[in-house]
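Working notes for the structure below.
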Amino acid sequence: MTNEELLACLTGEFSKAEVKPGKQYVEIMVNAADLHETSVQLKNTPALSFDYLFCLSGVDFPESMQIVYHLESTHHRHIVVMKVNTADRLDPKVDTVSDVWQTAKYHEREVYDLLGVKFNNHTDLRRLFLDDTWGFPLRKDYKDEVRIVER
Amino acid sequence: MSETKEIIISTDKIHTDQYLVNMGPQHPSTHGVLRLLVRLEGEIVHHIQPHVGYIHSGIEKMCEALSYPQIIHLTDRMDYLSAHMNNEAVCLCVENALQVEVPERVKYIRTIMDELTRLQSHQLWWCVMGMDLGALTTFFYGLRDREHILDIFEETCGARMTLNYSLPGGVMFDIHPNFQKRVKDFIKEFRKKLPEYDQLLTGNVIFQERTNDIGYLSLEDAIAWGVTGPSGRASGFSCDVRKHQPYSAYPLVDFQEKLDTKGDSFTRYRLRMRRCKNHFASLNN
């Protein structure tokens, strides 16, 4: 599907989500409560079949943490960016999608490790790189004692 | 009087318990420092728990305090075998965000540098793959030929591995006057040497035994776990970013995405070798 067709299709399919044409890829903003259901639908709807999660990242915004999912369909070759905001910035929680796209298992552990986002129902949510005594280094209010360069 | 018993030894009756073995992080075959917690029963691996991050260098955090041109110097340390592609990825990102168009010449230079980087990365992969299986000669062959590419890099940008060559908006210097000739000579020479590689390793019985039908990865798993590159393509996953989302001068390069479907170690090996030949085609244009 082209971006325009995808935009129309997603707008029709997901009434609760906010779909907009983004700069490069179509973006879909979903509510945290609908995340898992939307993910399953994005993967299993034959016309969409987003089976390949090629990037999962966390962003620290002033009011909330945002999780960004870059999805591609290996069959149709179209791409969508799914975004979800957590309700609470300091104790962010969001459902896991690791049962939909297996690769999310490690990506979510990374986001948990560096930003402190907890993924509900994740089967193995341990810190990936750092030990348990660390804070969450990619949060904007994290203070790095060793850093010399300050901006 | 003691009674003697007949003891029958049969290998398939020996029962062993499962046990845990720690492998790495400084194990010679875990290139790039990886620790694996392996649950074994005899020689059968039942479960592996990877512990990653032994060389995590916190580059994202460092980038927060640095300017874009400064970041370039960090990115080639992410993978010193594909330094230029990592540099270029940041450059393309910054250029995209700033809406800057780079000159045509820069696009061509970057593409040629990319392909040379890929080729030398494959050479190192090939020689250490042989070495890990105990064939030390491959290591010398691979490194000998890789030197030529590193020399070409050094002549143009002063560095051999961590190139720092791309900058947001262009490249650091123009290519050296000898560049074109040396690349063409190298291709001519290396094309002759590639059959030697095959004679040395590909047809070897031990090598075949240890790679053929070993380490099968299905297409579904490759997609689900996001296994890209030649490993994914050996399972039939069409994921060549140069074809699907071409950058720099790749839209103008005439090349085929090589796919295979068998998905075992040997297929992955053969696909990488075919890619080497592919690189010549791209470089020749």
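Here are a few things to note about the model shown:
- Mean ellipticity per residue at 222 nm, deg cm²/dmol - from DSSP H runs of n ≥ 4 across chain B, formula -39500 (n - 2.57): -15500 deg cm²/dmol
- Value of relative contact order over region B:12-51, rounded to a whole percent, pairs C-alpha under 8 Å and six or more apart: 35
- Centroid-to-centroid separation of region B:44-78 and region A:7-76 [C-alpha atoms, Å]: 27
- Nearby aspartates and glutamates by direct alpha-carbon distance to B:Lys243 (threshold 13 angstrom, same-chain neighbours under 8 apart not counted): B:Asp254, B:Glu257
- Projecting label points 7 angstrom from Cα along Cα→Cβ for B:Leu150 and B:Gln245 puts them 3.2 nm apart.
- Working from label points 7 Å from Cα in the Cα-to-Cβ sense, the A:Leu90 to B:Ile44 distance is 5.2 nm.
- Proximal aspartates and glutamates relative to A:Lys43, as straight alpha-carbon distance under 12 Å, when same-chain residues fewer than 8 apart are discounted: A:Asp51, A:Glu72, A:Asp99
- Extension gain, A:Asn31 to A:Lys83: 0.36 nm times the residue separation minus the Cα-Cα distance gives 17.8 nm.
- Crossing angle, helix B:136-157 versus chain B [Cα axis fit, 0-90 degrees, rounded to tens]: 20
- For chain A, share of DSSP beta bridges that run antiparallel, in % to the nearest 5: 70
- In this calculation the C-beta distance from B:Ser218 to B:Tyr108 is compared with R0 = 45 Å, giving a FRET efficiency of 0.70.
- Helix A:3-13 axis, angle to chain A major axis (alpha carbon atoms, nearest 10°): 90
- Relative contact order (%) - criterion: Cα under 8 Å, at least six apart; region: chain B: 13
- Once Rg and the Kirkwood radius are both taken over the C-alpha atoms of region A:89-140, their ratio Rg/Rh works out to 0.95.
- Evaluating 6.51 cos²θ - 1.76 cosθ + 1.60 at θ = phi - 60° for every residue in region B:195-205, the Karplus couplings come out as x, 4, 4, 4, 4, 6, 10, 4, x, 4, 5 Hz, glycine and proline recorded as x.
- To the nearest ten degrees, helix A:35-44 and the longest principal axis of the Cα atoms of chain A are 40 degrees apart.
- Exposed-loop-free span, longest in chain B, where GluC sites (Glu not before Pro) count as exposed if DSSP calls them loop and at most 16 other C-beta atoms lie within 10 Å: B:102-256
- A straight Cα-to-Cα reach below 26 Å connects B:Lys193 with the lysines B:Lys181, B:Lys184, B:Lys258, B:Lys277, residues fewer than 8 places away in its own chain not being considered.
- Total formal charge among the other residues, if their Cβ is under 15 angstrom from that of B:His27, Lys/Arg +1 and Asp/Glu -1: 0
- Per-residue HN-Hα couplings for region B:246-257 [Karplus 6.51, -1.76, 1.60; θ = phi - 60°; Hz; x = Gly/Pro]: x, 10, 6, 9, 4, x, 8, 8, 8, 8, 9, 7
- Region B:148-257: chymotrypsin sites (Phe, Trp or Tyr not before Pro) in DSSP loop, at most 14 other beta carbons within 10 Å: B:Phe173, B:Tyr216
- Between B:Ile187 and B:Asp132, the distance separating the two model label sites (each 7 Å from Cα on the Cα→Cβ line) works out to 3.1 nm.
- Taking GluC sites (Glu not before Pro) in DSSP loop states with no more than 11 other Cβ atoms inside 10 Å as exposed sites, chain A has its longest site-free stretch at A:64-144.
- Contour excess over end-to-end distance, with Cα ends at A:Asn3 and A:Ser15 and 0.36 nm allotted per residue: 2.5 nm
- Region B:181-224: trypsin sites (Lys or Arg not before Pro) in DSSP coil with no more than 15 other Cβ atoms inside 10 Å: none
- P(r) tail fraction, the protein assembly as shown - alpha-carbon pairs more than 30 Å apart, %: 54
Taken together, the values in this text are just the output of simple stated rules run on the coordinates, not laboratory data. None of these values were measured; they are calculated from a predicted model. Methodologically, a virtual Cβ is constructed for each residue, glycine included, from the backbone with ideal geometry; neighbour enumeration extends over all protein chains shown.
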